Amino acid sequence: MAAIIIHSAGLLTTVQDLGRVGYQRFGMSVAGAMDTFSLRLANLLVGNEANAACLETTIFGPEIIFAATGSIAICGADMRPCKNGKSIPNNKTIKVRMGDRLSFEGLLSGCRSYIAFAGGIDVPVIMGSRSTYLRAKIGGFEGRSLKAGDKLHLGKAINKIQRRKIPSNEFHHLQPGQAIRVISGPEAERFGPEGFRHLLTSEYSVSAQSDRMGYRLSGPAMNTQAASADIISAGMSFGTIQMPGNGQPIILMADRPTTGGYARIANVAGVDLTLLAQLKPGDYIRFSEISLAEAQGLYVNRQKLIERFADDLA
């Protein structure tokens, strides 16, 4: 069976797919890729199903030794990938042979890369998903991030792999000054017009206390009171922006809890979750409001883009 060996693990490398869907009512987090768009594209490039398990790498990538011939693709952050010490591109199918080494020279842009392997990573399916949920220590490879010496088996490639490439101009990275688009949240009115305007006109930085569960933002504090910030625990989604009593927003991410007790002032539009996932501590962020209808239209267009890629690569 084809396999890969982790020579060094990088900063945080986990097995992820599109997440553990359908179990939030039991208190189980969805988990899955922070940037589902990049994961899906990487899988397309190696002929996998969209939900095949990949490696999600964070800020500093791993070094991997291939124990069999196959194909890989890397999408998301640009960590300057190399095969046997020579640079290879993102967003392109790459052939590998037994004994080849994949490494990364260092981060140029973004935060998270997705490494897809033809056939996907063959780890146990738990609640319909191979994704790692670190806080519960389930899924992925032994419920944890990878470490040196780990050996991961790969599935059998389901399609004959052709050399494929997605043009770099099809990727939209967050640019300086670009705003993350948000929809007004269920409790936005609690903070009044001035409160929501404060969110839209302030610039925040992603704090060092941010992780796969949520981004804590630092910036001009909103003038809040416990009566407006605290709610009876309610459902949370990917991109929910909570406003706790200290007036500093928290954006819930892939490993979010299923419920929370802070007011939901806004929610990030689904189409911009890929941009959000590529932010790292110290990066700056601001918001702009769009309507629910606009957000739905943008999301539909994103799905059509993925379908076009799939047709072009077939």
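The values are calculated or read from the model by the stated rules, or taken from the named source; none is laboratory data. Since the model is a prediction, treat every value here as computed from it, not as a measurement. When we count neighbours, we look across all protein chains shown, and the Cβ atoms used for this are built from the backbone with ideal geometry, even at glycine.
For the reader, a short list of remarks on this structure follows.
- Set side by side, the residues ASN84, ASN91 differ, and just one is surrounded by fewer than 23 Cβ atoms within 10 Å (Cβ to Cβ) and modelled with pLDDT of 95 or more, which is ASN84.
- Selected residue (criterion: nearest to VAL300 (Cα to Cα)) from residues of the range 231-245 that are more than 17 Å from the chain's Cα centre (by Cα) and of a type outside the set (A, V, I, L, M): GLY235
- Scanning the range 202-238 for residues that are touching a residue at least 40 places away in the same chain (Cβ under 8 Å), out of contact with any Phe, Trp or Tyr (no Cβ under 7 Å at 6 or more places or on another chain) and not in a strand (DSSP E or B) turns up SER202, SER207, ALA208, SER210, ASP211, ARG212, MET213, PHE238.
- If the condition is being touching a strand residue (DSSP E or B) at 6+ places or on another chain (Cβ under 7 Å), aliphatic (A, V, I, L, M), within 22 Å of GLY110 (Cα to Cα) and at pLDDT 95 or above, then the range 6-41 contributes LEU11, LEU12, VAL15, ALA31, ALA33, MET34, LEU39.
- Here ALA254 qualifies as assigned to a loop (DSSP other than H, G, I, E, B), of a type in the set (A, V, I, L, M) and in contact with a Phe, Trp or Tyr (Cβ under 8 Å, 6 or more places away or on another chain).
- Residues in the range 246-264 that are over 16 Å from ALA295 (Cβ atoms) and among the aliphatic types (A, V, I, L, M) were compared, and the one that is farthest from the chain's Cα centre (by Cα) is ALA263.
- Residue check, ARG286 of a type in the set (Lys, Arg), surrounded by 21 or more Cβ atoms within 10 Å (Cβ to Cβ) and farther than 17 Å from PRO193 by Cα: no
- Counting the residues of the range 275-293 that are under 16 Å from the mean Cα position of the chain (by Cα) and in a helix (DSSP H, G or I) gives 3.
- If the condition is being part of a strand (DSSP E or B) and surrounded by fewer than 23 Cβ atoms within 10 Å (Cβ to Cβ), then the range 37-61 contributes only THR58.
- Qualifying residue in the range 262-274 (condition: polar (S, T, N, Q) and in a loop (DSSP other than H, G, I, E, B)): no
- Residue tally, condition within 22 Å of ARG130 (Cα to Cα) and over 24 Å from the mean Cα position of the chain (by Cα), over the range 69-105: 1
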